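The values are calculated or read from the model by the stated rules, or taken from the named source; none is laboratory data. What you see is a predicted model; the values in this text were computed from it and never measured. No Cβ is skipped: glycine too gets one built from the backbone with ideal geometry, and neighbour counts run over all protein chains shown. Surface areas here come from the heavy atoms of the whole protein model, side chains and all, with no ligands, DNA or RNA. Shrake-Rupley method; radii C 1.70, N 1.55, O 1.52, S 1.80 Å.
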Amino acid sequence: MKRVIALVALAIALSGCASLAVRPCDSVGTRDSKYAARFFLGIITLGISEAGIQNEQLIEAREGWRFCPPPVPVAWQGPPPAMGPPRTPGTLVNATTWTVNVYLDVEPAIAGIPPILTLRPGESRQLGLIAGPHRIVAKPTTEIATGAAPAKRYERQIQIDQRDRSFRLQISEGDFK
């Protein structure tokens, strides 16, 4: 009797294996449910069901996923619009022994204006600037150990030409006044 029940359960399980084939058009929830069902079905059938499911997936892949709707053609829209004026890439290098806050085209003394960058000692960062004049100000941050920051300030006016390919700006302790 046990043998008959096992064979009937095996026959039912194997006949439904094809529906557990994962297709590219399945939603995330459907796909996850199929994987969970396949796991437990594989345990019950000692892996025999997995062979049937993989065979069904292979057949469907060869036939172009017959149970999936055809893909909707996407109209060509051309390149995306430009994101403003072109920018010149450059590198800011902190050659000091302090962590510095870097401000671009703003006065750092005005309350509430955050720095555009914070550079740790020896750190460098990429920055893209549009052509034209720019004012760069760097101020050392307050050190946690001493609770004080050097009262110095780095300030430099630079001109970016649209023909420039790149720039490099190194902030050194000797440049602070």
Quick calc, K177 & R120: beta-carbon distance into FRET formula, R0 30 Å, rounding 0.05, result 0.85
Sorting L46, L58, L20 by accessible area (1.4 Å probe), largest first, what list results? L46, L58, L20
Scan around L129 for amide H atoms under 5 Å from its own, H built in the peptide plane at 1.01 Å from N, and keep only partners 5 or more places away or cross-chain. T88, G90
So what does E123 come to for accessible area, using a 1.4 Å probe and Å² rounded to 10? 40 Å²
Per residue of the stretch 55-69, what does 6.51 cos²θ - 1.76 cosθ + 1.60 with θ = phi - 60° give for ³J(HN,Hα)? Whole Hz please, x for Gly and Pro, Karplus curve as stated. 5, 5, 5, 5, 4, 5, 5, 5, 8, x, 6, 4, 8, 9, x
Excluding residues fewer than 8 places away in the same chain, name every one of the aspartates and glutamates whose C-alpha is closer than 20 Å to that of K139. D105, E107, E123, E155, E173, D175
Heavy atoms of R23 accessible to a 1.4 Å probe, total area in Å² rounded to 10: 40 Å²
Any idea of Y35's accessible area? Nearest 10 Å², probe 1.4 Å. 120 Å²
What are the ³J(HN,Hα) couplings of the stretch 164-177, residue after residue, when phi is run through the Karplus curve with 6.51, -1.76, 1.60 and θ = phi - 60°? Round to Hz, x for glycine and proline. 5, 8, 6, 9, 9, 10, 9, 9, 10, 4, x, 7, 7, 10
